[in-house]
Amino acid sequence: MKCLFKILGIFVVLSCEAQTIYSLRPTEINLLNNSYEKDTNNELQAYEGIWRGEWNNKIFIITLKKITNKYDNDVKRYRDYLVGRFIVKDSNEHTLFDNIKSSDDQAKIQGINFRRYGNKYSLIYNDPELCHITGNIAINFIDTVKTKLEWKYYQNSDWTDNDCFYHGLPQSQRPDPLPQNIILTKQ
């Protein structure tokens, strides 16, 4: 019986696979399935919180939150990343866009990773309520105390489906939910 337990124990030990952990700044290009892109240097924590800025007579407020050890079906691995929920108001404080109360899984802004070169963190934007407007966002700190954040948003291609409520309208009449270039201040 002791021999059976020893053999079973050896089998269990040999069959266990350790999860490979990578930093958010991996040097590898193809990470293993079921690996974990972990915030090993705790860099995302500085981004967490409420950020505010103004552009084109609008007020932009975004809350960034760190998500840890979440499985991503698209890349087939676990990862730490930021999600963003925002509100946009006009100069009279009327709300133009608001998804502050959406769940983490429904956040329209989700982090990807740090860019290979430099200190910019990349996020993507996808808004199903606005005919799936999509874009890429790059953020980085511009001060040493990490209270000022540079935000750059690049909206993806300018096509809209024929069923979209703003199809055929000039750019000036289309929704403008995110600022392109703005400096955000931590609140």
What are the residue pairs meeting all of these: first residue in segment 52-65, first residue within 17 Å of Phe141 (Cα to Cα) and of a type in the set (Gly, Ala, Ser), second residue open to solvent by less than 30 Å² (accessible area, probe 1.4 Å) and part of a loop (DSSP other than H, G, I, E, B), Cβ atoms under 8 Å, and 6 or more apart or on different chains? Gly53/Pro179
Is there a residue being open to solvent by less than 80 Å² (accessible area, probe 1.4 Å) and basic (Lys, Arg) anywhere in segment 120-138? yes
For segment 16-59, how many residues meet the condition of being at pLDDT 95 or above, among the aliphatic types (A, V, I, L, M) and open to solvent by less than 30 Å² (accessible area, probe 1.4 Å)? 3
Let me confirm something: among Glu93, Glu54, which residue is of a type in the set (D, E, K, R) and part of a loop (DSSP other than H, G, I, E, B)? Glu93
If I ask for residues that are charged (D, E, K, R) and in a strand (DSSP E or B), which ones from segment 174-187 would you list? Lys186
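The values are calculated or read from the model by the stated rules, or taken from the named source; none is laboratory data. Keep in mind that what you see is a predicted model, and the values were worked out from it rather than measured. Note: ideal-geometry Cβ built from the backbone for every residue, glycine included; neighbour counts use all protein chains shown. Only protein heavy atoms, including side chains, enter the accessible area calculation; ligands, DNA and RNA are left aside. Shrake-Rupley method; radii C 1.70, N 1.55, O 1.52, S 1.80 Å.
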